[in-house]
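**Q** Can you read through this structure? Questions will come right after.
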Amino acid sequence: MIMRLFLWASVHIRKNRKGNVMNELERLMKRYPQLVGCREAITETYQVLEESFRNGGKLLICGNGGSAADSDHIVGELMKGFKKQRPVPADMREKLGEDLADHLQGALPAISLAGHAALSTAFLNDVAPDMVFAQQVYGYGNENDVLLAITTSGNSGNVLHAVKVAQAKNMKTIGLTGPKGGKLKEAADTCICVPGSCTADIQELHLPVYHALCAMLEERFFE
């Protein structure tokens, strides 16, 4: 009887979480109807990220300029509570003690390759300026990991180099770009091509897309 109740509760929780995930996607579509054409790519991106995190993988993110800021922004939403508090699980609370556990939150591992000033400046000065992201993918990346490559044109050389290295390491690659997609559309495994007639307009739609993805992942992994 206890086992049946446990199984019922587990199934019920999974269904509720799946429903909450889809609610976040529907909310995005309602607020930004111009993104309806991106629905399939956003859904596929969520599935790739969910599988990676579920299997112990991490997310690497790269981009230039405003897209570098987006990279940092995404890490901030994944590595701490976004819409939820994400309390530390009971087994970890016991190991950490109440004081530490009360001041920590659940995290989905993500690294922005746009940071690390010492590494980046050393590599671009000593080796190759357009390979800074690629070098970090080579150093950090593993088979279960995902690379999210952000470029409004889809043609940023340093981002494309990073995608190529990621694929050589059997990582999944996701592009977040503008309406034409550029070279990234063909290079990445999945590509979200938002509408927009200029860089600023494209960037303005990138934010709600990755906010929705972060919210969907949070609904999936945290109570």
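**Q** Within the range 13-64, track down each residue that is within 22 Å of GLN203 (Cβ to Cβ), among the aliphatic types (A, V, I, L, M) and touching a residue at least 40 places away in the same chain (Cβ under 8 Å).
**A** Listed by number, the residues that qualify are LEU25, LEU28, LEU35, ALA41, ILE42, LEU49, LEU59, LEU60, ILE61.
Quick grid of which residues meet (1) assigned to a loop (DSSP other than H, G, I, E, B); (2) crowded, with 20+ Cβ neighbours inside 10 Å:
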residue	(1), (2)
ASN20	no, no
GLU24	no, yes
LYS30	no, no
VAL36	no, no
GLU44	no, no
GLU51	no, no
GLY57	yes, yes
ALA68	no, no
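**Q** Another question, if that's okay. Consider only pairs whose beta carbons are under 7 Å apart and that are at least six residues apart or on different chains; among these, list those whose first residue lies in the range 147-171 and is without any contact (Cβ under 8 Å) to a residue 60 or more places away in the chain and whose second residue is assigned to a helix (DSSP H, G or I) and among the charged types (D, E, K, R).
**A** What qualifies is GLY154/LYS183; GLY154/LYS185; ASN155/LYS183; GLY157/ASP130; LEU160/LYS183; HIS161/ASP130.
**Q** Still on this model: Scan the range 70-87 residue by residue and report those that are assigned to a helix (DSSP H, G or I) and either among the hydroxyl-bearing types (Ser, Thr, Tyr) or touching a helix residue (DSSP H, G or I) at 6+ places or on another chain (Cβ under 7 Å) (or both).
**A** Scanning the range 70-87 gives ASP70, SER71, ILE74, GLU77, LEU78.
**Q** Would you check which residues across the range 127-151 are surrounded by 22 or more Cβ atoms within 10 Å (Cβ to Cβ) and farther than 21 Å from LEU49 by Cα and list them?
**A** The answer is VAL132, and nothing else.
**Q** Whether any residue in the range 159-174 is assigned to a loop (DSSP other than H, G, I, E, B) and either among the hydroxyl-bearing types (Ser, Thr, Tyr) or buried (at least 19 other Cβ atoms within 10 Å of the Cβ) (or both) is what I want to check.
**A** yes
**Q** Among LEU119, LEU217, LEU207, LEU124, which is surrounded by 19 or more Cβ atoms within 10 Å (Cβ to Cβ) and not charged (D, E, K, R)?
**A** Selected residue: LEU217, the only one of LEU119, LEU217, LEU207, LEU124 that is surrounded by 19 or more Cβ atoms within 10 Å (Cβ to Cβ) and not charged (D, E, K, R).
**Q** What is the residue count in the range 136-161 for residues that are over 18 Å from HIS73 (Cβ atoms) and aliphatic (A, V, I, L, M)?
**A** 2
We did not get these values from a lab; they are worked out from the coordinates using the rules stated. What you see is a predicted model, and the numbers here were worked out from it, not measured in a lab. Glycine also receives a Cβ, built like all others from the backbone with ideal geometry; neighbour counts cover every protein chain displayed.
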